[in-house]
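The next block holds one structure in the form of structure tokens; read it before the comments.
The values are calculated or read from the model by the stated rules, or taken from the named source; none is laboratory data. Nothing here was measured: the structure is a model prediction, and the numbers come from that model. Positions of Cβ are generated from backbone atoms using ideal geometry, with glycine treated the same way; all protein chains shown enter the neighbour counts. What goes into the accessible areas is simple: the full protein's heavy atoms, side chains included, and nothing from ligands, DNA or RNA. Shrake-Rupley method; radii C 1.70, N 1.55, O 1.52, S 1.80 Å.
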Amino acid sequence: AARFASSAVQPIVPIFIGQLHDGFFNLSVSTTSGLALGMLGLTSAISSIYFGRLGDRKGHQPILMACAFASALIYLPMGLASASWQMVVLQGLFGIAAGGLTPAANAIIANRTPAEQRGTIFGVTAAAGSLGGFFGPLTGAGIAAAVGFSAAFVITGIFLFVVTALVWRAF
């Protein structure tokens, strides 16, 4: 779900920032877009280590639920952004929340899967992530083309809330 959500908006972030472009630190639209998407990657990389360690101490299920909810919550204001700096900040915040999802999910899967089935299960998990990377941009771009850029962020946020509810219900 996190891969789907982050990749759903990647094709439209540069165009959306172009519409918002307000000369953020006198940077070009492409530089600002790169900064926004780069912040997502940087904050996700850092937070994945932090949340992985925290999950080992406090439990991975609460981390998964908190990060899933935060991811969904952060997506909604992206659709309401009125300045490019807001997109940079919100992408960075989404990265923090999204960074906790994969380590928590993988730890839960590893803990609940018999050792002799882990290769298969992690293969299925990797395939699901790859499919999210495939369908995310297609879906996000399709939504943006049909109903607008802001709607793509809001609908993705709603999708993340639904996934969060399903995960919560599964536990």
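Collect the residues in the stretch 2-31 that are of a type in the set (Val, Ile, Thr) and assigned to a helix (DSSP H, G or I), keeping them in residue-number order.
Listed by number, the residues that qualify are Val9, Val13, Ile15, Ile17, Val29, Thr31.
Would you check if Val9 is buried (at least 22 other Cβ atoms within 10 Å of the Cβ), in contact with a helix residue (DSSP H, G or I) (Cβ under 9 Å, 6 or more places away or on another chain), closer than 22 Å to Ala126 by Cα and among the aliphatic types (A, V, I, L, M)?
Judged against the criteria, Val9 is a match.
Ala110 - would you say it is surrounded by fewer than 20 Cβ atoms within 10 Å (Cβ to Cβ) and part of a helix (DSSP H, G or I)?
Considered against the rule, which asks whether it is surrounded by fewer than 20 Cβ atoms within 10 Å (Cβ to Cβ) and part of a helix (DSSP H, G or I), Ala110 comes out as yes.
For the stretch 131-171, name all the residues that are of a type in the set (Gly, Ala, Ser), more than 13 Å from Phe16 (Cα to Cα) and free of Cβ contacts under 8 Å to residues at least 60 places away in the same chain.
Correct list: Gly142, Ala146, Ala165, Ala170.
Within the stretch 68-90, work out how many residues are over 11 Å from Leu160 (Cβ atoms), touching a Phe, Trp or Tyr at 6+ places or on another chain (Cβ under 9 Å) and open to solvent by 30 Å² or more (accessible area, probe 1.4 Å).
3
Could you list, in sequence order, all residues of the stretch 120-171 that are touching a Ser or Thr at 6+ places or on another chain (Cβ under 6 Å) and among the β-branched types (Val, Ile, Thr)?
Matches in the stretch 120-171: Ile121 only.
Applying the selection to the stretch 47-59, what residues are hydroxyl-bearing (Ser, Thr, Tyr) and surrounded by fewer than 19 Cβ atoms within 10 Å (Cβ to Cβ)?
Residue satisfying the conditions is Tyr50 alone.
State whether the residues of the stretch 14-28 include one that is in contact with a Cys (Cβ under 7 Å, 6 or more places away or on another chain), aromatic (Phe, Trp, Tyr) and either without any contact (Cβ under 8 Å) to a residue 60 or more places away in the chain or open to solvent by less than 60 Å² (accessible area, probe 1.4 Å) (or both).
No; the residues of the stretch 14-28 include none that is in contact with a Cys (Cβ under 7 Å, 6 or more places away or on another chain), aromatic (Phe, Trp, Tyr) and either without any contact (Cβ under 8 Å) to a residue 60 or more places away in the chain or open to solvent by less than 60 Å² (accessible area, probe 1.4 Å) (or both).
Could you say which residue among Pro62, Pro137 is open to solvent by 20 Å² or more (accessible area, probe 1.4 Å), in a helix (DSSP H, G or I), modelled with pLDDT of 95 or more and closer than 19 Å to Ser33 by Cα?
Pro137
Suppose we filter Gly52, Gly34 for residues that are in contact with a Pro (Cβ under 6 Å, 6 or more places away or on another chain) and either on the phi < 0 side of the Ramachandran plot or part of a helix (DSSP H, G or I) (or both); which single one remains?
Step by step, each of Gly52, Gly34 is checked, and only Gly52 is in contact with a Pro (Cβ under 6 Å, 6 or more places away or on another chain) and either on the phi < 0 side of the Ramachandran plot or part of a helix (DSSP H, G or I) (or both).
Failed condition for Ala115, given (1) surrounded by fewer than 21 Cβ atoms within 10 Å (Cβ to Cβ); (2) of a type outside the set (D, E, K, R); (3) at pLDDT below 95; (4) touching a helix residue (DSSP H, G or I) at 6+ places or on another chain (Cβ under 9 Å), with all others met?
Answer for Ala115: the failing condition is (4).
Go through the residues of the stretch 42-52 one by one and say whether even a single one is in contact with a helix residue (DSSP H, G or I) (Cβ under 6 Å, 6 or more places away or on another chain) and either without any contact (Cβ under 8 Å) to a residue 12 or more places away in the chain or of a type in the set (Phe, Trp, Tyr) (or both).
Yes; the residues of the stretch 42-52 include at least one that is in contact with a helix residue (DSSP H, G or I) (Cβ under 6 Å, 6 or more places away or on another chain) and either without any contact (Cβ under 8 Å) to a residue 12 or more places away in the chain or of a type in the set (Phe, Trp, Tyr) (or both).
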